[in-house]
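Comments concern the structure below.
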Amino acid sequence: MEQVDAIVIGAGVVGLAIAARLSRHLSNVLVIDKNASFGEETSSRNSEVIHAGIYYPKNSLKAEFCVAGKQALYEYCQQRHIPHNNIGKLIVAQNADEEAYLQTTIEKAAANGVDDLSWVCAKDLRTMEPNLSASAALLSPSTGIVDVHSYMQSLLAEIEQNNGQFVARTEMERVECSDGDFVATLNCEGEELKLSSKYVINSAGLYCEQVAKRIDGLSEQFIPTLYWCRGHYFTYTGKSPFQQLIYPVPEANGVGLGIHGTLDLGGQLKFGPDTQYIDSLEYAVSPELRGKFVQAIKRYFPDIDAEKLQPAYSGIRPKLQAPGAPAEDFCVQGAAVHGVQGLVNLYGIESPGLTSSLAIAQRVAQQLGVESSE
């Protein structure tokens, strides 16, 4: 039976980051994905934003990984010449209640180690962003954007430079424990292949719950229920009226950050995502959503031309909270929790998963004992 050191299930941005990190210490790391290429699901269908770490509860994994991951990602992009832009974002308020939220946001961000937020009054906003309507805003200068595809390509190149390998169109059928190692049965385009591996990392994103249920010896009590939440995006044709990212005050239920305006590295403005819990994988964007988007965007961009708003794409986030439930943290679950040595399962890695990817990768390497936690 062929043997590898580690199998990473899922070649999204987090799976690739984990594999790249492990490949620095292990000589034979294998990344598999059921799709035809890497990053075809959540990783390629998002806002491409490098988040600052503002909103998340103190001492949460989201706060810890986002703040550490942001710094690591900027450094990685600079070292490897990955296109990115430290463009900054404005979180805008429309009334006294929302301004009060911004005040508490400053405190929450500071508790997470983000101390670079600054208050922008309405007068200064008119100079900074003349097309923006708001009573006040917070400026987050460490928020940015990144070419996610180039980032994933760079991670894959690092894996391959370290003798690792990525195999597409390959699905994990089951994992069995055998004499301290794992025996993985893979379906490679209809052909069955068995591999022995010391480590298994479940980074299957939308399918992490399904993959976990195929691991013999893993008790179901440690497998949480996953919920799919779709977010739609619309592009805005023509020259962008904004120079920075524009975010409203987040949704009160914690499901999303509200329909915000983001720019890509080519200057294209897009708006999204909204939030819609779904039961099946479907990426279509209905033009009928335009009215809902216009209504939300008009709060901070009253002169929006609805005809310039065109359906673009959608992304689906793997959430641990059910509809209407409070927001949940990331779950990076190692042997200390589930008792299976050499196995790490990642659940609910939604936003800020992209920003957090390098920090998550470091934590996984530490949980596996491949790296010291000091």
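Sort 172-180, 192-200 for me by packing, meaning the mean count of neighbouring Cβ atoms within 10 Å per residue, highest on top.
Answer by packing, highest mean first, reads 192-200, 172-180.
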Straight-distance crosslink candidates among aspartates and glutamates, where the alpha carbon sits under 20 Å from Lys308 and sequence neighbours closer than 8 are dropped: Glu129, Asp264, Asp274, Glu288
Contour minus Cα-Cα distance for Ser372 and Asp305 (0.36 nm per residue): 18.7 nm
Antiparallel bridges, percent of DSSP beta bridges restricted to the chain (to nearest 5): 70
Cross-link reach list, lysines versus Lys34, counting only Cα pairs under 21 Å and skipping chain neighbours closer than eight places: Lys194, Lys213, Lys319
Which labelled figure in (i) 21.0, 69; (ii) 24.0, 83; (iii) 21.1, 64 is Rg and Dmax of the Cα atoms in Å, once derived from the coordinates: (i)
Simple label model, 7 Å out from Cα along Cβ direction - Thr225 to Ala36, nm: 3.5
Ranked packing of 16-26, 161-171, most packed first, by mean Cβ within 10 Å: 16-26, 161-171
Gain in span if fully extended, Met1 to Ile278, counting 0.36 nm per residue against the direct Cα distance: 95.7 nm
Label-point separation, Asp115 to Arg24 (7 Å along Cα→Cβ), nm: 2.7
J(HN,Hα) series, the range 168-185, from Karplus relation 6.51 cos²θ - 1.76 cosθ + 1.60, nearest Hz, glycine and proline x: 8, 6, 10, 10, 7, 8, 6, 10, 10, 8, 8, 6, x, 10, 10, 10, 9, 9
By average C-beta atoms within 10 angstrom, highest first, the peptides 353-366, 143-156: 353-366, 143-156
Long-range amide H partners of Tyr313 with built H, under 5 Å: Tyr233
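Bear in mind that the values in this text are calculations on the coordinates, not laboratory data. Note that the structure is a prediction, hence the values are computed from the model and not measured. Every residue, glycine among them, receives a Cβ derived from its backbone with ideal geometry; neighbour counts consider all protein chains shown.
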